[in-house]
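The structure appears below as structure tokens.
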Amino acid sequence: MTLLDLIGLTNQELTLFFLAVVSLLLFAHVFGSVFQWLSMPRVIGEIVGGLLLGPTGLGWLSPHLASSLFGSFSSEGKLLSSLSWLGLVMLMFISGFELQKSLKKGDSKLILAILLGGTIVSFGAGWVAPDFYPTASLIGTARNFLAFKIIIGCAVAVTSIPVISKIFLDLHIAQTRFAKIIIAVATIEDVILWVAVAIATALVSTQQMSPFTVPLTLLLIGAFFLTVFFVLCPVLTFLSRFRITGLTHNMLIAYAIFLCLSLAALADVLNINVVFGALLAGIVLETTSDGQFEQVKTSIKDVALGFFVPIYFALVGLKLDLLHHFDIGFFLLFLLFATLFKTLGTILAARLVGESWLSSVNLGAAMNTRGGPGIVLATVAYGLGIISEELFATLVMIAIITSLMAGYWFKFVLNKQWELLPSHADADDGEVSIQAVEEVAQKQME
């Protein structure tokens with residue numbers, strides 16, 4: 001038995017898989033560099049690179065070649081899907097490195113305000129919108145209006161942790177108070193919204209939804225987080241005190257990856273999205289390593305940002321078919337509606353707790369980034385027949401455009417040397433100053 005027999009691929013399929021990976025990686029890096037040169041986030045260029053290889057680009061010029069390279073139902077297509085998920089997990093893992101060990105006193109009030117204004121208000125707007133708009137061409141084959149309303153609410157309210165994290169990483173502002181607050185809000189928000197998605201999916205399943213579905217899901221999520229922070233973290237912190245001699249750099253990398261994949265797998269088993277497990281793994285490693293994993297984290301970042309993350313975002317673009325399933329008029333209407341309620345809700349909430357207009361607008365721009373979770377939401381809803389193919393394309397494009405809007409806005413703000421969010425007065429807090437952030441961003445743009 002050959003290796004190809006073991007992995008279930010023919011010689012031709014293995015060759016096509018390698019060609020697909022090389023093509024995705026090449027287009028992601030080329031267009032990512034072009035977009036960075038244009039003072040826009042690399043992540044959007046990486047998505048555009050995949051878009052040009054998908055049905056909108058290569059699929060239109062040479063359908064046979066596109067189908068051979070990126071066939072959804074072929075063995076190599078499944079391998080590419082696995083690479084996409086691995087890239088997403090690695091992105092969230094390295095994003096966890098950048099988070100501080102705790103939020104400062106006073107941030108909880110701002111986080112709660114953004115959750116109420118940016119999440120609850122926008123979800124409510126999406127929930128009631130289908131009652132006032134014709135949905136015949138938008139609702140899916142399941143014809144479940146209640147599930148449809150839940151998905152629309154989530155689509156308006158969702159914020160992308162992966163994309164906004166990638167933007168923060170690209171601009172070297174991931175360690176600022178501003179970034180920490182956005183990631184904290186987005187994490188809590190995504191937990192809430194994915195519970196809503198679970199309810200929507202249960203509504204269209206063949207089995208009747210149990211009254212214990214939502215409480216059980218909430219219980220599992222709470223148990224997962226509590227176990228990670230109050231059991232796993234103390235254990236790993238205690239073990240880190242025993243410096244074992246003879247451990248090589250490669251062995252420490254293996255330990256870090258093991259931690260990441262283990263928490264991601266555990267999250268998936270508990271029906272929690274794997275990105276939360278990966279993000280928590282990054283936070284755990286940062287919290288418990290006591291400075292001994294700095295070189296390890298650098299090595300993991302280099303590999304993730306050089307290979308896995310660009311592949312993930314290129315595959316996001318690959319899924320789009322703008323030639324056959326996209327209504328530009330409806331897209332613009334939905335984009336305006338979603339941006340209006342998400343941004344204004346966040347701005348007004350931030351203003352009510354005393355933030356300046358500029359800081360409030362910055363928070364609104366960040367929370368309006370839908371990215372990967374918006375795309376995953378659209379894919380899940382379309383696969384279950386909750387939304388139509390037309391709405392699927394619209395939601396995916398809105399996720400990309402709002403990500404582009406956020407990236408451009410923060411490039412503009414840093415170039416103008418405006419403050420993202422005032423730092424606390426504590427001089428000994430270890431936070432990167434906004435002046436240092438601006439200097440780094442300016443050097444990057446030069």
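Surface listing: R177, R241, R143 arranged by accessible area from highest to lowest gives R241, R143, R177, probe 1.4 Å. All Cα-Cα distances of region 116-198, cut into 10 Å bins from zero to the largest, leave 17, 40, 26, 14, 3 percent in each bin in turn. A crude spin-label estimate for the pair T15 and M251, with each label 7 Å from Cα along the Cβ direction, gives 4.3 nm. Using a probe of 1.4 Å on the protein chains alone, the accessible area found for S262 is around 50 Å².
Which entries of K149/K342; K109/K149; K109/K342; K109/K297; K166/K297 have Cα-Cα distances beyond 21 Å here? From the list (K149/K342; K109/K149; K109/K342; K109/K297; K166/K297), the Cα-Cα distance tops 21 Å for K109/K149; K109/K297. Take the alpha carbon gyration tensor of region 27-67, find the square roots of its eigenvalues, order them as a ≥ b ≥ c, and report rounded if a/c is under 1.5; if not, report prolate when a/b exceeds b/c, else oblate. It is prolate, given that a/c is not under 1.5 and a/b is the larger ratio. Find the relative contact order for region 325-419 and round it to a whole percent, using C-alpha pairs within less than 8 Å whose residues are 6+ positions apart. The value is 33 percent.
Shape of region 359-420 from its Cα gyration tensor (a ≥ b ≥ c, root eigenvalues): rounded if a/c is under 1.5, otherwise prolate when a/b > b/c, or oblate? Prolate.
Calculated FRET efficiency, R143 to K78, Cβ-Cβ distance, R0 = 30 Å: about 0.50 to the nearest 0.05. A simple spin-label model places pseudo-atoms 7 Å from Cα toward Cβ; at V34 and V235 they are separated by 4.9 nm.
The distance separating the Cα centre of region 384-401 from that of region 134-184 comes to 12 Å. Other residues whose C-beta falls under 15 angstrom from the C-beta of V34 contribute a net charge of 0, scoring Lys and Arg +1 and Asp and Glu -1. What net charge do the residues around A155 carry, taking every other residue with its C-beta under 12 Å from that of A155, with Lys and Arg at +1 and Asp and Glu at -1? Surrounding charge for A155 is +3. Shape class for region 263-372: oblate, because the ratio a/c of the largest to smallest gyration tensor axis (alpha-carbon atoms, square roots of eigenvalues) is 1.5 or more and b/c is at least a/b. With 28 Å as the limit on Cα-Cα distance, the pairs of K319/K416; K301/K411; K180/K301 that go past it are K319/K416. Maximal additional length on extending the F132-L332 stretch stands at 70.3 nm, based on 0.36 nm per residue less the C-alpha distance.
In plain terms, the chain from S262 to S299 could stretch by 11.4 nm, reckoned as 0.36 nm per residue minus the Cα-Cα distance.
Here region 282-375 exposes an accessible surface that is 68 percent carbon and sulfur, computed with a 1.4 Å probe and the other protein chains kept in place. Electrostatic tally near T119: other residues with Cβ closer than 12 Å to its Cβ, Lys and Arg +1, Asp and Glu -1, net -1. Entry comment: accessible area of region 293-364 is 44 Å² per residue, from protein heavy atoms only and a probe of 1.4 Å.
The values are calculated or read from the model by the stated rules, or taken from the named source; none is laboratory data. Quick caveat, the model's predicted, so the values are computed rather than measured. We place every Cβ from the backbone using ideal geometry, glycine too, and count neighbours over all the protein chains shown. Ligands, DNA and RNA are stripped out before the accessible areas are found, and what is left, the full protein with its side chains, is counted by its heavy atoms. Shrake-Rupley method; radii C 1.70, N 1.55, O 1.52, S 1.80 Å.
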